[in-house]
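Below: the structure, in structure tokens.
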């Protein structure tokens, strides 16, 4: 593509003037692509999965259709060839994602994690990522780097396995990180908010893809 994945998705999400402000985020566009990558889906089912109203889901479908990412058939919305290509880029950016069980490390009722390849240099203090997750509805977020065979949290611990062995074992099993990968985990009172928070935090790390 001539523009980066992030810039492209931001263009799709931008408010089209004139008209009311949108009630959805890039997460909703991303999640729609994820759902449609599995199977075609009608508007009502999409609205239920996305937790948005009828007006918002109509706009989401319209934006994705205008961007030539989806096609509308009798079976509902489906990914187009271009849509499948964009989804493949997302799968490259987020090669692993998973629901994470509640633990001493992840004390919220619902926890969701994304793995980001080779971006440890983008973390900094992790504050930007945690702020993004909270704004998106999460109650907490952990930004964990995998370096030298260990998981570490900046300014907290260079090896969290010593303190949380069971939780770390689960993360390694589920996400299979490689050196310089990042694991972003968000916790919330609902599965949807946990996933949305984790995505928002992860999205701040994606600026060159």
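The values are calculated or read from the model by the stated rules, or taken from the named source; none is laboratory data. Just so you know, these numbers come straight off a predicted model, no measurement behind them. Note that each Cβ is placed from the backbone with ideal geometry, even for glycine, and that neighbours are counted across all protein chains shown.
Here the condition is being out of contact with any helix residue (DSSP H, G or I) (no Cβ under 6 Å at 6 or more places or on another chain), outside any loop (DSSP other than H, G, I, E, B), loosely packed, with under 13 Cβ neighbours inside 10 Å and touching a residue at least 24 places away in the same chain (Cβ under 8 Å); of 59, 92, it holds for 92 alone.
Scanning region 120-168 for residues that are assigned to a loop (DSSP other than H, G, I, E, B) and more than 15 Å from the chain's Cα centre (by Cα) yields a count of 17.
Let's see how each residue does on (1) under 20 Å from the mean Cα position of the chain (by Cα); (2) within 28 Å of residue 182 (Cβ to Cβ); (3) assigned by TED's automatic domain parsing to the domain that holds residue 35; (4) surrounded by fewer than 20 Cβ atoms within 10 Å (Cβ to Cβ):
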position	(1), (2), (3), (4)
63	yes, no, yes, no
76	no, no, yes, yes
79	yes, yes, yes, no
87	yes, yes, yes, yes
102	yes, yes, no, yes
118	yes, yes, no, yes
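Of all residues in region 179-204, none satisfies the criterion of being assigned to a loop (DSSP other than H, G, I, E, B) and crowded, with 24+ Cβ neighbours inside 10 Å. Among the residues of this structure, residue 23 does not count as one that is more than 21 Å from residue 194 (Cα to Cα) and modelled with pLDDT under 95.
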